[in-house]
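Just below is one structure, and these are the notes that go with it.
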Amino acid sequence: MKSKFHMQLILLLTSTIVLHSCKKMIEIPSPQNQLTTDEVFADSTTATSAMVNVYVQFNTSINSNYNKFLSCYSDELSYGGITQDNIQYKNSAVAPANTANLNFWQKSYFAIYSCNDLIEQLQKSPNLPALTIRQFTNEAKFLRAFSYFYLINTYGSVPLTLQTSVSANASAVQTDSAIVYKQIIQDLKDAQNGLPVNYIGTGRVRSNKYAATALLSRVYLWQMDWVNAEASASAVIGSGLYSPLPKTTDAFLANSLETIFSFWTQYGYIADGTNLIPSSGAPQYFYTTTQLNAFEPGDLRLSNWISKKTIGINTFYSPYKYHNRSTNTASPEYLIALRAGEQYLIRAEARAQQDNYNGAIADLNVLRKRAGLGDYSGSTDKKSVLTAILHERQVELFTEWGNRFLDLKRNGALNIVMGGIKPTWKSTAILLPVPQYEISTNPNLKQNPGY
Amino acid sequence: MKKTILFIVLATLCLNFKALAQLNTTPNVRQVQGKVTDEQGNPLPGATIKIKNGTVATSTDKEGKFVLSNLPLKGALTVSFVGFQTLETSIPINYSNEMIIRLKADANSLNEVQVIGYGTTTKRLNTGSISTISSADIEKQPVTNVLSAISGRASGVFVQQANGLPGGGVNIQIRGKGSILAGTNPLYVIDGVPFSSTPVTYDLSTSSLNGAVSPFNSINPDDIESISILKDVDATAIYGSRGSNGVVLITTKQGKAGKTKVDLNLSRGFNTIASYPSVLNLQQYLQLRREAFKNDGLTPSSDPTSSSYAPDLTIWSQTESTNFPKYLLGSTGHVTNFQGSVSGGDKNTTFSIGGNYHSETTVLIGDSYYQRGGLRYSLQHHSLNNKFSISLSGTYTLDNNRLIDPALSFQGDLFLPPNFPLRTPVGDINWASGINPLGDSKAQSIVKTNNFVTNLVLKYNISSDLTFSSSVGYNKINIDQTQTFPKSSQNPAYSPINSAIFNNSSNQSIIVEPQLNYKKQFKNSTLNLLTGGTFQSSLNQGLLINVSNFSNDALLNNISSAGSIDGINNSYLQYKYVSVFGRANYNINDKYIVNASIRRDGSSRFGPGNQFGTFGAVGAAWLFSKENWFKNMLPFISYGKLRGSYGIVGNDQIPDYQYLSTYSNSGQYYQDIAGLQPSRISNADFHWEVNKKLEAAIELGFFTDRILLTVNRYQSRSSNQLVSYAIPTITGFKSYQANLPAVVQNTGWEFELNTKNIQEKDFSWTTTFNITVPKNKLVSFQNLAGSSYANTLVIGEDITRVYGYRLTSVDPSTGNATYAPQPGSTSTSPYFYNTIGKTTPDFYGGFGNTFTYKHWQLDIFGQFVKQMARGDILYSPGIATNSYQYLLNRWQKPGDITNVPKASTNIDYNFAGSSVNYFDASYFRLKNVALSYTLTKGWASSLGIDQLKIYGQGQNLYTLWHKNNPFLDPESGAFGYSANLPPMRSIVLGVQITF
């Protein structure tokens, strides 16, 4: 009996010790190749690494899954390869299971998640200087607004996630695009007020006050808020930082004066350079006759921003705004996101909408002059001037961030223009499908009509 | 941990002293002493000596000696020992002489040693459900990955060769898929050392034509003595948290005492592909394409800028064609295999040392080969007094796997239009289709693996009842991978920058397991107690470097010649695991057996507060054939056992650090600053999953065990499964680690039948047959409708549910397909989430026969599965890509009734994901035929040869399946959903000499 009691005592004592030491035995340090989130935001250097990594994604994974495909989807580019996902864009019949479509959606939301995490963590950070917190928070807001702008223009209403909670985000519903626009404007206004005029580091590759203002002017234009669109564009143009416009041959170089904001590239060529610029043989992506016919004779943009190549009996015209397809340290190129040329066109349109035709034509002529063309000589009625501006946008902003698709859509011209060109065009193609994966994993998401 | 050991030692000692004290009080009357040995005279420690029909019993000590007291004047003794025939001998008249009792090895499979977790038993006395594959079964099969040798040979174990190329993986599921999108791999243990079945490079994944490199390729199949597959909870509970998907115990060969034995084995043979996909021939393809243009009202154009550009109809030859599957997979691979070993030893020390070399070339075009070489050692020693023993075993294997096409253009190549010209008219590689096997095959993947597994066991017999042992195991597997993409392997129109990927990853793991074993023989019963602990620590590290811009393609293997570094990534995963476990086994008269085990585990993969879990099980068996009433009633039933088990096991097969919120290196730079990105959505709350398993079985032997039948019924219910929980990417990620609030049930019937049909002196015929009928069901799911599985899972259905569009009809007048909308919805949009089927097989099994006639032996083994699977039709008919013959069923003219829509250059994207593209993938595969001739006497022995064996073996010789269904192969499944090449058909001839 007594020994039984002893046994129990030993058992009790030992198990306490054992349990305690067992816990120690399975303790592992945080992995060597990772930093805990707290560590990242305890130090300016690592916080900067987290900040700049959001920028990286727009060149390496977002734009390369977006721009050329939307150019194919509208009337700018054709695709000559055999990848079925890409052919779907050419036919303007993108299936919900399309991989590039999922990639664009997924990478955009990853950027948004990264921004949200930055904003949350910076607020909690005990050590970072207030100036850094303010700077990074506003950069994150700018990039979040930038992402949402393209998402709603591609998919219509999309879920608006402003924090990182998985339980809230996993079942998020689509938010009305008016509310998303409101958030975009709010974020951009914060960024406009919170960011300095100076760019951090070398190059115009971190958002500043005017990057936020420039995007804001575009958003106002899309919202048909002509007064604010004009005012914002004027603020950018009037800063004097981005004029005079460089020659067409210099406009897309890393140090282009026209650049308001661009994404840095490590080796001097944009991620899509290898896909868009053929080194030999026929290009995969080439301009349609619609796009080529849009240029007036003598337009330098046709000769300098489009490359002509004859192979056998066939002639191909392919994108050549960016020239580099591999490492180039002599004349590097960054992926330009906002440039002054667009600001002139925004202001021209806003002015024309406010019946200031002379002002509008003056802005239009800035671009025509650079393109080696004569001043606008058409009628000065509203319809004609607006048509001229839309046309100028087509020949100025082609193959940049899906601009043509967005322009046709906001002007209600998409179905008319595209229906006349592509037999496979359907009126529901105005919105791309919500990726199948998203529909499969979020019962609250609704597929866009027609898919 | 030291304290734990001390405690265990102390506690068990206390128990033991008490028992010893009892023994010593028994008075010694009429005593006999003796020694029990095997036929060679080696002592058999632990043998049981009993007085027949009496109560007195004892067991032999470590020298095989025993003393038996309290003997009656006359009667008989029964002497029994695991793996030996029970002997009956009369009680000697003269007590003073030492009795020498020699036991004969038992040929009855019921008495063979059965390896179980932390011990051994026999099939007869086992309370759990275990299938065993012996070295004899493995040696007959010319396989590279030892896991494929299991295929069809064990009930409840579904084996799928995922990829037939060397290095390819084998999927094993024991008793159904218990988990959604989570690890269903069993726990593999090689000589006591847990062996990770996940590719070492998994954190830095690089694609390869053979899929991810399975670490099992660096295990030499011929080094293996036996593979035991632990299926039910009674057998697996001793592995606690890691037992939920079953446990596979691999035991390597050991030496035997006696004359030094040299064994040499050489074989050579060849591989061809087991099956080719049935693609359209040129005329069928061209007709389909012309029809597509006609249906669309278009004219094929030879202008590449035209949207009707169709070089296959306007430029390329209309008469000359290539059968691309035959072109790509039609080579013959050559196989050479050499094994040599020396083994032997004396009473106290035995050893076995072996070396092996294997080389094979593949069926692919281009330069691919596989080589493997290794060394195995095993050393056992016990002290003269048998108190102490030590054993050391290990294997070291190197392999080198060279394969073409790491860019995986293979699928595209396979379905190139039949008239695609590989070369342009001037003789250059033709890149008109974007891919070209001549170019694709110039890209290379080289994977070099070295794998070291070793285990040291120390044993000390504290008393005749109590043994302390401790094992220390170590495994290091290292992978060195190089992938090279020369300019010539790439379409010059795209990105002919040469590039290479270098990856060096390793996984090392150390495990220490102290144990105490207590065995006590009572009058009519035996008690076995086991208690022990485990400490395991693993570290996985890897470095992946992407480089490009080499000045010359010839320098691609030399990293320092790279012009630019495109990305550097590393991985670092640490894992620690600690547990205490115990097992009690109580056996009454070999008639009633109860077995209970318990284990408490802690794992570093869980967040603070959730690290520990307790698991356990109880199993019981009743050998009713030992009951006298039964023997009288049904004498033809020579063996009968009812057994059952119930218990809880877990699963910690989840990635490391999932509870930790971290940022990791993105491998990218911005303004020359290295980027850091969020690694995951961390979840500090996930906890151990619970897997409740229930089993009942009956085992029967008829006519002196010539017919053995086992019937198992199992049910397992897993709840709170640890899964990589799928989430929409709007959360930033595609998944995160979480417990699934669902109950998933696997039930099934398993039948195993072994018969000795004919047993004559010169001729014997045995048959083995097994079949498993599994069923899987999602029993419940908390708030399924609001979860991210709302569309993909349905309560009451299989969790391998296949869903898609339901094709309602192909309009006989237009040839267009229509798809059903969501049931109950007003929308007319096709609905994607209809249940189409499941991938859980309806049943599977194996059937084998072995014939021996004098020196000849013939084995024939077949494997069968009844199952459905997604087909390999990737597009609706009409585009410039070849496809399966199935498309001949398409709509062609008004009035055609079919389920394949008309040919069109515009793809019907719903078709490939529809109910039509789901086919019967059942098959019967003649897995193995082996014929051997063995000579043990005659001229061979005059040359000093103990045994000479000449053999021929064939693997995957013939497959019976629905050949017109669109699959590359019914076993590896559709190529389109994962890169998987069909299994190989191998034929080898060999000779084995033992002297």
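None of the figures in this text is laboratory data; all of them are computed from the coordinates on show. On a predicted model such as this, the values are computed, not experimentally measured, just so you know. In this analysis, Cβ positions are derived from the backbone assuming ideal geometry, glycine residues included, and neighbour counts consider all displayed protein chains.
Residues whose amide H lies under 5 Å from that of residue A:445, counting only those 5 or more places away or on a different chain, are absent; hydrogens are built 1.01 Å from N in the peptide plane. Sorting B:764, B:664 by the number of Cβ atoms found within 10 Å of their own Cβ, with the fewest placed first, yields B:764, B:664.
Straight-distance candidates among the aspartates and glutamates for linking to residue A:446, with alpha-carbon spacing under 12 Å and chain neighbours fewer than 8 residues away dropped: A:438. The Cβ shell under 9 Å around residue B:528 holds other residues with a net charge of +3, Lys and Arg each +1, Asp and Glu each -1. Karplus-based coupling profile of the stretch B:942-958, in residue order and whole Hz: 5, 8, x, 9, 6, 8, 10, 10, 10, 9, x, 9, x, 10, 6, 6, 8, with θ = phi - 60° in 6.51 cos²θ - 1.76 cosθ + 1.60 and x standing for Gly or Pro.
Give, rounded to the nearest 20 debye, the magnitude of the charge dipole that the protein assembly as shown has about its Cα centre when Lys and Arg contribute +1 at Cβ and Asp and Glu contribute -1 at Cβ. Don't skip to the end; give the middle numbers.
Details: 117 positive and 95 negative charges, 801 e Å.
I would put it at about 3840 debye.
Placing unit charges on C-beta atoms (Lys and Arg positive, Asp and Glu negative, everything else neutral), compute the dipole magnitude of chain A about its Cα centre in debye, rounded to 20. Please list the in-between numbers first.
On the way: 38 positive and 32 negative charges, 128 e Å.
Roughly 620 debye for chain A.
Under 20 Å from a label point 7 Å along Cα→Cβ of residue A:331: give me every residue in the stretch A:266-304 with its amide N that close. Answer for the stretch A:266-304: A:266-280, A:299-304.
Bridges between two residues of the stretch B:31-106, per DSSP, are antiparallel at a rate of about 80%. Around the amide H of residue B:106, modelled in the peptide plane, lie the amide H atoms of B:84, B:85, all under 5 Å away and 5 or more residues distant in sequence or on another chain. Rounded to the nearest 10 degrees, the inclination of helix A:130-155 to the longest alpha-carbon principal axis of chain A is 60 degrees.
Extending 7 Å from the Cα toward the beta-carbon at both residue B:523 and residue A:383 defines two label points whose distance is 11.6 nm.
Using the Karplus relation 6.51 cos²θ - 1.76 cosθ + 1.60 with θ = phi - 60°, the per-residue 3J(HN,Hα) values for the stretch B:445-452 come to 10, 10, 10, 10, 10, 10, 10, 10 Hz, with x marking Gly and Pro.
Rounded to the nearest 10 degrees, what's the angle between the helix A:226-238 long axis and the longest principal axis of chain A, both from Cα atoms, 0 to 90? The angle comes out near 90 degrees. The residue list A:330, A:431, A:47 was ranked by how far each Cα lies along the charge dipole of chain A toward its positive end, using unit charges on Cβ atoms, and A:47 comes out on top. Modelled spin labels at residue A:239 and residue B:63, positioned 7 Å past Cα toward Cβ, are 9.7 nm from each other.
Summary of the geometry: the stretch A:333-349 and the stretch B:681-738, compared by the centres of their Cα atoms, lie 58 Å apart. Between 0 and 90 degrees, the angle of helix B:282-296 with respect to the longest Cα principal axis of chain B falls at about 50 degrees. Subtracting the Cα-Cα distance of residue B:780 and residue B:422 from their residue separation scaled by 0.36 nm leaves 123.4 nm.
Just in the stretch B:77-160: which chymotrypsin sites (Phe, Trp or Tyr not before Pro) are loop by DSSP and have at most 14 other Cβ atoms within 10 Å?
On the way: sites: B:81, B:84, B:95, B:118, B:158; in loops: B:81, B:95, B:118.
Loop-located and lightly packed - B:95.
For the protein assembly as shown, the antiparallel share of DSSP beta bridges with both residues in that region comes to about 95%. Near the amide H of residue B:658, within less than 5 Å, lie no amide hydrogens of residues on another chain or at least 5 residues away, with H placed in the peptide plane.
Computed over chain B, relative contact order equals 11 percent, with contacts defined as Cα pairs under 8 Å that lie 6+ residues apart. In the stretch B:264-283, which residues have a backbone nitrogen under 20 Å from the label point lying 7 Å from residue B:136's Cα in the Cα-to-Cβ direction? The answer is B:264-265, whose backbone nitrogens lie closer than 20 Å to the label point. Projecting the Cα atoms of B:224, A:232, A:248 onto the dipole axis of the protein assembly as shown, where Lys and Arg carry +1 and Asp and Glu carry -1 at the beta carbon, places B:224 farthest toward the positive end. The HN-Hα couplings worked out from phi for the stretch A:110-121 by the Karplus form 6.51 cos²θ - 1.76 cosθ + 1.60 (θ = phi - 60°) are 5, 4, 5, 4, 4, 4, 4, 5, 4, 4, 5, 5 Hz, whole numbers, x standing for Gly and Pro. Of all beta bridges that DSSP places with both ends in chain B, some 95 percent have antiparallel geometry. In this label model, residue A:292 and residue B:97 are separated by 11.2 nm, measuring between points 7 Å along each Cα→Cβ vector. The chymotrypsin sites (Phe, Trp or Tyr not before Pro) of the stretch B:184-261 include none that meets both conditions, a loop assignment by DSSP and at most 16 other Cβ atoms within 10 Å of the site Cβ. Dipole magnitude for the stretch B:31-106: about 180 debye, using +1 per Lys or Arg Cβ and -1 per Asp or Glu Cβ, origin at the Cα centre.
Could you calculate the FRET efficiency of residue B:480 with residue B:945 from 1/(1 + (r/R0)^6), where r is the beta carbon distance between them and R0 is 45 Å, rounded to 0.05?
0.65
Think of the stretch B:446-550 as having a plus end and a minus end, set by charges on the Cβ of Lys, Arg, Asp and Glu; of B:505, B:462, B:534, B:462 sits farthest toward the positive end of this dipole. Mean separation of Cα pairs under 8 Å and 6 or more residues apart, divided by the residue count, gives the stretch B:31-106 a relative contact order of 38 percent.
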